[in-house]
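To start, the structure under review is shown below, and the notes come after it.
Values in this text are rule-based calculations from the coordinates and carry no lab data. What you are looking at is a predicted structure, and each value in this text was computed from that prediction instead of being measured. Counting neighbours? That spans all protein chains shown, and the Cβs are built from the backbone with ideal geometry, glycine included.
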Amino acid sequence: GNSVTQMEGPVTLSEEAFLTINCTYTATGYPSLFWYVQYPGEGLQLLLKATKADDKGSNKGFEATYRKETTSFHLEKGSVQVSDSAVYFCAPGGGYNKLIFGAGTRLAVHP
Amino acid sequence: DTGVSQNPRHKITKRGQNVTFRCDPISEHNRLYWYRQTLGQGPEFLTYFQNEAQLEKSRLLSDRFSAERPKGSFSTLEIQRTEQGDSAMYLCASSLISGATANTGELFFGEGSRLTVL
């Protein structure tokens, strides 16, 4: 089955800093890849997705590229804001396959 | 609101009692998933339905857990004889699987039902 390894947190950054959260996965075939975000006190929300190799998902200034050769889907943002403070989850799967979530990476952004 | 709805949002119970959670998915979605999330961890898959059929159950789902989706719409998750280790957030998600969305469909999550077993 699918599995995912995420960069451990917490990640603490100053506002406007560059963010990278690493994610690697193992999967049968070529799953879709997702990043979900969980803001304090809220449910999981889809942040971005990519459905095939070399696709780049993007949303709210975040980006991630589906790298088949390295089985990775690293999340990046050029300039983080305090409002980006949340827990981020990488998840392969989707479609006919259930999502398998990583342990999550907590991001704390300070002014 | 047309999102995934879960009730109750928070349940406190004593060890040994039974509890039931309800999930109302997005109306046109044919798949419904249950996940469990403990503090500091990612959601763990429990089970899922396609329409009314339960297609997969995780090994995490002990005999004390049962889930139903009798008419292919809402679903219930019942935990019998609760234990303190059952304390967690129970998440429901739904998706639409069709030929066009087979490999792209994301899951839409509810806000969860938090269980505290004393």
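Could you list, in sequence order, the residues of the range A:25-83 that are within 11 Å of chain B (Cβ to nearest Cβ) and in contact with a Pro (Cβ under 6 Å, 6 or more places away or on another chain)?
Within the range A:25-83, A:PRO31, A:LEU33 qualify.
Quick one: which residue in A:LYS77, A:LYS56, A:LYS98, A:LYS49 is of a type in the set (Lys, Arg), closer than 22 Å to B:TRP34 by Cα and in contact with a Ser or Thr (Cβ under 9 Å, 6 or more places away or on another chain)?
A:LYS49
Restricting attention to the range A:6-28, report how many residues are closer than 18 Å to A:SER72 by Cβ, among the hydroxyl-bearing types (Ser, Thr, Tyr) and in a strand (DSSP E or B).
Result for the range A:6-28: 4.
Can you work out which of the residues in the range A:22-68 that are among the basic types (Lys, Arg) and in contact with a strand residue (DSSP E or B) (Cβ under 6 Å, 6 or more places away or on another chain) is farthest from B:HIS10 (Cα to Cα)?
Taking the candidates together, the pick is A:LYS56.
Look at A:THR71 and say whether it is in contact with a strand residue (DSSP E or B) (Cβ under 7 Å, 6 or more places away or on another chain), buried (at least 20 other Cβ atoms within 10 Å of the Cβ) and within 17 Å of A:GLN6 (Cβ to Cβ). Steps first, please.
Values: in contact with a strand residue (DSSP E or B) (Cβ under 7 Å, 6 or more places away or on another chain): yes; buried (at least 20 other Cβ atoms within 10 Å of the Cβ): no; within 17 Å of A:GLN6 (Cβ to Cβ): yes.
No.
Within the range B:51-68, work out how many residues are in a loop (DSSP other than H, G, I, E, B) and within 17 Å of B:ARG36 (Cβ to Cβ).
Quick first cut of the range B:51-68, residues in a loop (DSSP other than H, G, I, E, B) only: B:51-52, B:58-64.
Within this subset, residues satisfying the condition of being within 17 Å of B:ARG36 (Cβ to Cβ) are B:58-64.
Summing the residues that are in a loop (DSSP other than H, G, I, E, B) and within 17 Å of B:ARG36 (Cβ to Cβ) in the range B:51-68 gives 7.
(1) in a strand (DSSP E or B); (2) out of contact with any Leu (no Cβ under 8 Å at 6 or more places or on another chain); (3) surrounded by 15 or more Cβ atoms within 10 Å (Cβ to Cβ): which one isn't true of B:GLU78, the others all being true?
(3)
Going by what's in this entry, would B:ARG36 be described as surrounded by 16 or more Cβ atoms within 10 Å (Cβ to Cβ), among the charged types (D, E, K, R) and closer than 29 Å to A:LEU107 by Cβ?
Spelling it out, B:ARG36 is indeed surrounded by 16 or more Cβ atoms within 10 Å (Cβ to Cβ), among the charged types (D, E, K, R) and closer than 29 Å to A:LEU107 by Cβ.
Given the condition in contact with a His (Cβ under 8 Å, 6 or more places away or on another chain) and surrounded by fewer than 20 Cβ atoms within 10 Å (Cβ to Cβ), answer yes or no: does some residue in the range A:92-105 qualify? Steps first, please.
Step one: of the range A:92-105, the residues in contact with a His (Cβ under 8 Å, 6 or more places away or on another chain) are none.
Within the range A:92-105, not a single residue is in contact with a His (Cβ under 8 Å, 6 or more places away or on another chain) and surrounded by fewer than 20 Cβ atoms within 10 Å (Cβ to Cβ).
Being among the β-branched types (Val, Ile, Thr) and more than 12 Å from every other protein chain (Cβ to nearest Cβ) is the filter; apply it to the range B:6-50 and report the residue that is nearest to the chain's Cα centre (by Cα).
Out of the qualifying residues, it is B:THR20.
Inside the range A:24-44, can you point out the residues that are surrounded by 13 or more Cβ atoms within 10 Å (Cβ to Cβ) and under 25 Å from B:GLY112 (Cα atoms)?
Once the filter is applied, which keeps residues that are surrounded by 13 or more Cβ atoms within 10 Å (Cβ to Cβ) and under 25 Å from B:GLY112 (Cα atoms), the range A:24-44 yields A:SER32, A:LEU33, A:PHE34, A:TRP35, A:TYR36, A:VAL37, A:GLN38, A:TYR39, A:GLY43, A:LEU44.
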